[in-house]
Every structure is written in structure tokens, then in C-alpha cells.
Amino acid sequence: MKIHELDSLRECLEQFLAITLFPACTRSQQRHWGDVYVRGLLLDGERKSVGAMALRMPDGNEQAMQQFVSQSTWDYLEVRKRLAQYMEALLPADSAWLIDETSFPKKGDHSVGVARQYCGAKGRPANCQVAVSLHLASTTMSLPLDFELVIPESWSADPDRCGKAGIPEELRTHLEKWRLAIALIDRLRRWQLEDRVVTADGDYGRVTEFRDALIARTLKYVVAIEEKMVFWPADVSLAPRPYPGRGRRPTRPDLKDKWSRPADFARSLQAEDWTIVTWRDGTKGPLRSRFAAVRVRSAHGFSRGDAVRDAEWLLIEWPEGAEAPTRFWLSNLPEDTPLERLVDYAKRRWFIEDDYRRLKEELGLDHFEGRSWLGWNRHVTLAMLAFAFLLTERARRLKKGLQMTLR
């Protein structure tokens, strides 16, 4: 954003921060430097580190801004809570919760949570931080509601290192990303946000424990899955095996070797089972593909004695002309859910990648140069505020037929 644009929005920004940030700031100096920091993130510039922002801002002060983000006594979770509650009211009831993770490449080994791990930004293992995030997405926009930094095992095994970075003792345990995702969901529910349909990619959808955790919370989901997963048809017989006349009477169905993989279900369908669905307009026109949905029961765990699972939707995408189906999703939405609704939720995850791109390219999400847990979380929170303000301002200007120029 250009400096003259930013100046013209000062009153709107102050009103927005009065709802989201200022209530967590008990002193006027905190509110002042919070306003300066968010404006620094909004203003054009290649780097959004504290030093670089301070140089660009007419009222910037590197020492004061660094103290605000790393040492001052304001609660970043209170800010995220207020932001989530405020923005939820602006998005429609059919908005979904999107789960994913993003990486922050780093040099050195002092930044909190940094380790050699898979780095999505580079497409390979690299030295980086990784954070799981939860976003709220309608059919036209989305925004992040919360982030949680992954604590690698190399950190959880080193209490001194965690202590120097300021990681709270109760958070120094390494947790799988799906567990962090569930923790984010639980936090939103403690903030009394409305339950939403959960969507996630195959790294989460293939984890049975993740899906079971959502079911235990009575949450609906549409999650991508891997082709190697196995299922039975929903109408498979669940009657116990025939009694052979001796020994203990069977209590479980005979389902051995009756399972199929998602591609097998796809190939068994008839031409009339497939429907062309358009899910949104892209930059080059409407986005559409061919889909089918069948009712299935997951076979996971049955061989070790688990009960047969409830029937769910297996959503399949097989573009016309493709030699094989390309994507699969599993959903526990009701049996009368229209195919178009399943596709809508499955494809809504596109927004999260756009959120990450804009947060990093426009607002410096990954530009924080401090090393502490508190500083990282506060910088991320302030970037979330800047992102949400842009969404609200774009919506306001669209209603008035105005334009906003962004880098």
C-alpha cells in the first residue's frame, strides 16, 4: 500500500484496531506502537522486519517497535480471539475451517522452532520453521484465524534451548501436525466460534486419528485422502459370519478381502454416475471438472478388532480425458448432501494457498528476525490483523465502487 493510501485509511484502521488490538493493550504507548507496527506491515516495502519498517515509517522507532513485539505485556491470544469473533460475524454461515501448514525458511539455529524439516516454500527438507494454521473461508474470501508453531523433536528434547526461546513449559512437547490442528479447533471452540465444516489436505485426511478426533467433537469434514486407503461399499453386509456349528458363535462380519481402493470404486461407476461441476471462476474462466460420489465404509482398523465404521462419502474427481482419477476426498456430511456441495468444500482449500502468498508477499508474515516464541507469535498476530483489515477495507470499497492499489 502506498503512503498516501495508508494516510487516507488512518481513521478506518484506528477503528479496526480499537475492536481487535487495543483492548489487549493496557497502556497508551502499547496502542501507539501497535498502530505503528500494523501500518508498517501494510506499507509497501520488500522487507517487513522491525528495522526495515522503522526506517520507512515517518513515526517509526526500531527500539520501541522491537520492545512492543518482543517484550511488552499484551496478550496475543486475546487479540486473535477478538479478531476471530469480529471477522466470523462478517462471513456467511456456510464458511468452512481450512487446515494447512506453512514454512518459514531460516538461516542459523537460534530462531524458535527452527530445524531441518520439510519446507513447503522450497519443496524439500531445509532449515525452517513450520506452523499449522486454521483459516475461515467463504466461497469468495478467507482469512487466518490462528497459528501454532511446530516444536520439532530436537527442541522438545532440549529444555534449555526451549527456555532460552521463551517457549511455555506446557508447549515444549513435540506434537504431530494433526494434533496441533485439533488444538487450534479446540481453541476456536473455547472462543465460542460457530462450528464449521473442516477441510484439509491428504497429510491430515489420511490420518484416521485426526478424522476420529473431528467425529468425537461432532464436527463435519471434507478431507483429501490417499489412493492407498481401503473401503467397503456402504451396503456391505454387516451380519456376523455363519456359525459353523462348533466353537464360539461369530459376532463380526466376514469382510476379509472385500475391500476396494478409491480408484476401484471410480472404475466401477457408469457414465451416468459422473457430473460436470463448476466450483468457482478462475483467472482464465470457470473452473470445472468431472465428479462422482459414492457411499463407503472405511476398512481401517477392522483387522485389529475395531468396529465397522459408519458410512461416509467418497468424493472422486476424474477429469474428462484423463486416464485415471486424480483426486479423492472423504466426508461425513449427511447422506442427502448434494454433489455440488461436496465439491464446493473440497475445492475451497484453494484459498489457503492464496492467503499464505499474500501474507508473505504483501504483509511480511515470514520476515520476523527475532528469536523468541513470544515475538514470533506477536508478529504473526499483527500480520493477521493487517490481512483482516485489508479484507474489510476491500469489501467496504467494493460497495462504494472504489479501488485499492496493492503491491
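What do you reckon, is residue 138 in contact with a strand residue (DSSP E or B) (Cβ under 9 Å, 6 or more places away or on another chain), at pLDDT below 95 and within 27 Å of residue 189 (Cα to Cα)?
Considered against the rule, which asks whether it is in contact with a strand residue (DSSP E or B) (Cβ under 9 Å, 6 or more places away or on another chain), at pLDDT below 95 and within 27 Å of residue 189 (Cα to Cα), residue 138 comes out as yes.
For region 71-91, name all the residues that are in a loop (DSSP other than H, G, I, E, B) and under 18 Å from the mean Cα position of the chain (by Cα).
Passing the criteria: only 91.
Given (1) at pLDDT 95 or above; (2) farther than 23 Å from residue 279 by Cβ, where does residue 120 come up short, assuming only one miss?
Of everything listed in (1) at pLDDT 95 or above; (2) farther than 23 Å from residue 279 by Cβ, residue 120 misses just condition (1).
For region 153-208, give me the residue count where each residue is over 25 Å from residue 220 (Cα atoms), buried (at least 18 other Cβ atoms within 10 Å of the Cβ) and not charged (D, E, K, R).
Selection size over region 153-208: 4.
Given the structure, is residue 378 in a helix (DSSP H, G or I) and surrounded by fewer than 19 Cβ atoms within 10 Å (Cβ to Cβ)? I'd like the intermediate steps shown before the answer.
On the way: in a helix (DSSP H, G or I): yes; surrounded by fewer than 19 Cβ atoms within 10 Å (Cβ to Cβ): no.
For residue 378, the condition - in a helix (DSSP H, G or I) and surrounded by fewer than 19 Cβ atoms within 10 Å (Cβ to Cβ) - is not met.
Part of a helix (DSSP H, G or I) and free of Cβ contacts under 8 Å to residues at least 12 places away in the same chain: is that true of residue 64 in this structure?
no
On the basis of being loosely packed, with under 15 Cβ neighbours inside 10 Å, touching a helix residue (DSSP H, G or I) at 6+ places or on another chain (Cβ under 8 Å) and under 23 Å from residue 99 (Cα atoms), does residue 287 make the cut?
In short, yes.
Scanning region 221-233 for residues that are surrounded by fewer than 19 Cβ atoms within 10 Å (Cβ to Cβ) and not aliphatic (A, V, I, L, M), which turns out nearest to residue 262 (Cα to Cα)?
Filtering region 221-233 for residues surrounded by fewer than 19 Cβ atoms within 10 Å (Cβ to Cβ) gives 226-228, 230, 233.
Cutting the leftovers down to not aliphatic (A, V, I, L, M) gives us 226-228, 233.
Values: 226: 9, 227: 6, 228: 8, 233: 11 Å.
Ranking the qualifying residues of region 221-233, first place goes to 227.
Do we find a residue being among the small types (Gly, Ala, Ser), farther than 24 Å from residue 351 by Cβ, assigned to a loop (DSSP other than H, G, I, E, B) and touching a Phe, Trp or Tyr at 6+ places or on another chain (Cβ under 6 Å) anywhere in region 142-165?
Within region 142-165, the subset among the small types (Gly, Ala, Ser) is 142, 154, 156-157, 163, 165.
If we keep only those that are farther than 24 Å from residue 351 by Cβ as well, we get 154, 156-157, 163, 165.
From what is left, the residues that are assigned to a loop (DSSP other than H, G, I, E, B) are 157.
Going one step further and asking which of them are touching a Phe, Trp or Tyr at 6+ places or on another chain (Cβ under 6 Å), we end up with none.
Within region 142-165 (the criterion being among the small types (Gly, Ala, Ser), farther than 24 Å from residue 351 by Cβ, assigned to a loop (DSSP other than H, G, I, E, B) and touching a Phe, Trp or Tyr at 6+ places or on another chain (Cβ under 6 Å)), the answer is no, since none of the residues qualifies.
State which residue pairs qualify: first residue of a type in the set (Val, Ile, Thr) and inside region 102-129, second residue assigned to a strand (DSSP E or B) in any location, beta carbons under 7 Å apart, and separation of 6 or more residues or different chains.
Filtered contacts from region 102-129: 102/131; 102/133; 112/149; 114/127; 114/128; 114/129.
Quick check on region 381-402: of everything there that is of a type outside the set (A, V, I, L, M, F, W, C) and crowded, with 19+ Cβ neighbours inside 10 Å, which residue is modelled with the highest pLDDT?
381
On the given criteria, is residue 339 surrounded by fewer than 21 Cβ atoms within 10 Å (Cβ to Cβ), closer than 29 Å to residue 89 by Cα and touching a Ser or Thr at 6+ places or on another chain (Cβ under 7 Å)?
Working: surrounded by fewer than 21 Cβ atoms within 10 Å (Cβ to Cβ): yes; closer than 29 Å to residue 89 by Cα: yes; touching a Ser or Thr at 6+ places or on another chain (Cβ under 7 Å): yes.
Judged against the criteria, residue 339 is a match.
Given the condition of a type in the set (A, V, I, L, M, F, W, C), within 30 Å of residue 204 (Cα to Cα), within 24 Å of the chain's Cα centre (by Cα) and assigned to a helix (DSSP H, G or I), answer yes or no: does some residue in region 33-52 qualify?
no
Name the residues in region 187-213 that are among the acidic types (Asp, Glu), assigned to a helix (DSSP H, G or I), more than 14 Å from residue 150 (Cβ to Cβ) and touching a residue at least 12 places away in the same chain (Cβ under 8 Å), would you?
Start the filter on region 187-213 by keeping residues that are among the acidic types (Asp, Glu), which leaves 194-195, 201, 203, 209, 212.
When the remaining residues are screened for being assigned to a helix (DSSP H, G or I), the result is 203, 209, 212.
Checking which are more than 14 Å from residue 150 (Cβ to Cβ) leaves us with 209, 212.
Correct list: 209 only.
Under 6 Å by Cβ, and 6 or more places apart or on different chains, what pairs join a residue from region 298-320 that is under 15 Å from residue 220 (Cα atoms) with one that is modelled with pLDDT of 95 or more and β-branched (Val, Ile, Thr)?
314/294; 314/296
The values are calculated or read from the model by the stated rules, or taken from the named source; none is laboratory data. Just so it is clear, the model here is predicted, and its values are computed rather than measured. Glycine gets a Cβ as well: all are built from the backbone with ideal geometry, and neighbour counts include every protein chain shown.
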